[in-house]
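One structure is given here, and the rest of the page talks about it.
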Amino acid sequence: MTTTLPGNVPGSGPTDELSGLDRGGHGPGSGNPSGPTGWRHVLRRALRPLRRHPGSRRQALVGVGLVVLLLVLLVASIMVGEYVLPAGDVVRTLLGAGDPADRFVVLGLRAPRAATAIVVGFALGAAGAITQSVARNPLASPDILGVTAGATAAAVAAIVLAGTGAMSGFLVTAGLPVVAVLGGLVATALVCLLAWRGGIEGYRLVLVGLGVNAGASAITSWMLVRAELPDLNAALIWMTGSLNRASFEIAGPVAVVVVVTVVVSALSTRWLAILRFDSRVIVGLGVRRSAAQLLQIVLAVVLAAAATAAAGPVPFVAFVAPQIAWRALAAQGPPPLGAGLVGACVVLAADLGARSLPVDLPVGVVTSAVGAPFLLWLLLRESREVR
C-alpha cells in the first residue's frame, strides 16, 4: 500500500517535493550533490522562506547591498591618497598578491585607516540601535546620552593632567583608549543611576543623559582652558573625531570588542525586541524588564566607548545609522547588525570624502555636517506626528 504524505499528491508536479528525489535526496539525473539539478533543488529550498515572507526577502537583499557597498567603499578608500592606486591593484594586494610597493601602501598605510573606520562605524551604529530600542526613542543615542561626552572628558583630562612628558606619550598611544572607556562607563552609570525608577523610561533617560552630557562638556571645557599649548593641540585633535591615529594595533582590540558584543547582542535579540513594547506588555510576557534593559545598555556603552577610544568622538553616526537601517530594512525596530553595517559605510564614506577635499578634514567634521540636517529633519517629522 502506498502512503501519501499530506499536501503531497503523487504526480502533482512541482508541489511534490519527494517525487523527484532519489534515495540520496538528489534530483533526477544528478547522481551527486554537485549535479546542477541537485544544487538547484538545494537553492530552491534555501530561498523558499524568502518567497513566503517578502519582508525577509527585502532584508536579505538590503543586507547584501550594504555588504557590497561596504566592500566598494573599502576599495575606494584605499585607492585615494597622494599616490592613487588602480582598483585592480588594491584588490590583488588585499588578496595577498601585488608588488612590494603596493603592499606597503595598501597594507602598511591605508588599510589600517580603513579597518579602523569600519570597526568604529559598526560599533557606533550598533550602539545607537540598541540605545534607541531600549529607550523607545529615535533621539536616544550615545551622543545625546552622555556616553561620548564622558569618554571625551576623561580622555581630555588624561591628556591635560599628564603633561607633555613620557606619561603623555603613553596615554596617547596605549593608555588613552582605556581612560576613554572608563570615562564612558562612569558617565553611563551616572545616567542610569539618576534615570532609574524601577526601570528606564525613554524620555527620562534622554533628559538625564542631556544633563550628564552638559556636565561632561563643562569638565572638558575647563580642562581645555587650563591646558598648555601642546596639550591643547593634542586634545583638540582627539576631540574632533579623527582617524589619523589609526593602526591595526588600535583597530584590533576594538574589533574584538565589537565581535564579542555583537554575539551577545544576537543571543539576546529576543529581549531587545521585547523591550520595544510597553512596560505592561513586557511584564505580561514574563521578562525581567530591569535586567534586560541593564544588559542592553551595558552592550551599547561598551560599543560606543570602544569606538570613541579608537577614533575620538565621531558625532551623529550612532544617531543616523539606526534610523537609515530601520527604514531600509523595514524592520520592527532599529536592527543592531543592519545599523552597524550602515554606520561602517557612513564613517568610511565620510573619511573618503574628507580626504578627497582640498583641505584634509577630520572625519568627525564631515559626519557632523551630514548628521545635523538629519537631526533637524527627524525633529520636524516627530513634531508633525505629535500634532
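Worth a mention:
- Test result for residue 276, charged (D, E, K, R) and more than 27 Å from residue 369 (Cβ to Cβ): yes
- Single match in 298, 258, 317 (criterion: open to solvent by 40 Å² or more (accessible area, probe 1.4 Å) and either under 18 Å from residue 180 (Cα atoms) or not charged (D, E, K, R) (or both)): 298
- Residue match in segment 354-374 (condition: under 16 Å from residue 132 (Cα atoms), out of contact with any strand residue (DSSP E or B) (no Cβ under 7 Å at 6 or more places or on another chain) and of a type in the set (Lys, Arg)): no
- Conditions (1) part of a helix (DSSP H, G or I); (2) touching a helix residue (DSSP H, G or I) at 6+ places or on another chain (Cβ under 9 Å); (3) free of Cβ contacts under 8 Å to residues at least 24 places away in the same chain; number of the one not met by residue 233: (2)
- For segment 79-114, taking the residues that are open to solvent by less than 30 Å² (accessible area, probe 1.4 Å) and closer than 30 Å to residue 141 by Cα, the one that is nearest to the chain's Cα centre (by Cα) is identified as 114.
- Single match in 139, 145, 73 (criterion: open to solvent by 10 Å² or more (accessible area, probe 1.4 Å), within 27 Å of residue 313 (Cβ to Cβ) and in contact with a Leu (Cβ under 6 Å, 6 or more places away or on another chain)): 73
- For residue 332, the requirement of being over 12 Å from the mean Cα position of the chain (by Cα) and open to solvent by less than 10 Å² (accessible area, probe 1.4 Å) is not met.
- Within segment 152-211, considering residues that are not in a helix (DSSP H, G or I) and not β-branched (Val, Ile, Thr), the one modelled with the lowest pLDDT: 165
- Number of the exception - residue 222 against (1) open to solvent by less than 50 Å² (accessible area, probe 1.4 Å); (2) modelled with pLDDT of 85 or more: (1)
- Whichever residue in segment 274-288 is within 22 Å of residue 301 (Cβ to Cβ) and open to solvent by 40 Å² or more (accessible area, probe 1.4 Å) and, among such residues, is farthest from the chain's Cα centre (by Cα): 288
- Tally, over segment 255-305, of residues that are in contact with a helix residue (DSSP H, G or I) (Cβ under 7 Å, 6 or more places away or on another chain) and not in a helix (DSSP H, G or I): 5
- From the list 344, 354, 339, 350, the lone residue that is crowded, with 18+ Cβ neighbours inside 10 Å and either among the polar types (S, T, N, Q) or more than 29 Å from residue 299 (Cα to Cα) (or both) is 354.
The values are calculated or read from the model by the stated rules, or taken from the named source; none is laboratory data. The structure presented is a predicted model; accordingly, all values stated were derived computationally and were not measured. Glycine also receives a Cβ, built like all others from the backbone with ideal geometry; neighbour counts cover every protein chain displayed. In case anyone asks, the SASA skips ligands and DNA or RNA and just uses the protein heavy atoms, side chains included. Shrake-Rupley method; radii C 1.70, N 1.55, O 1.52, S 1.80 Å.
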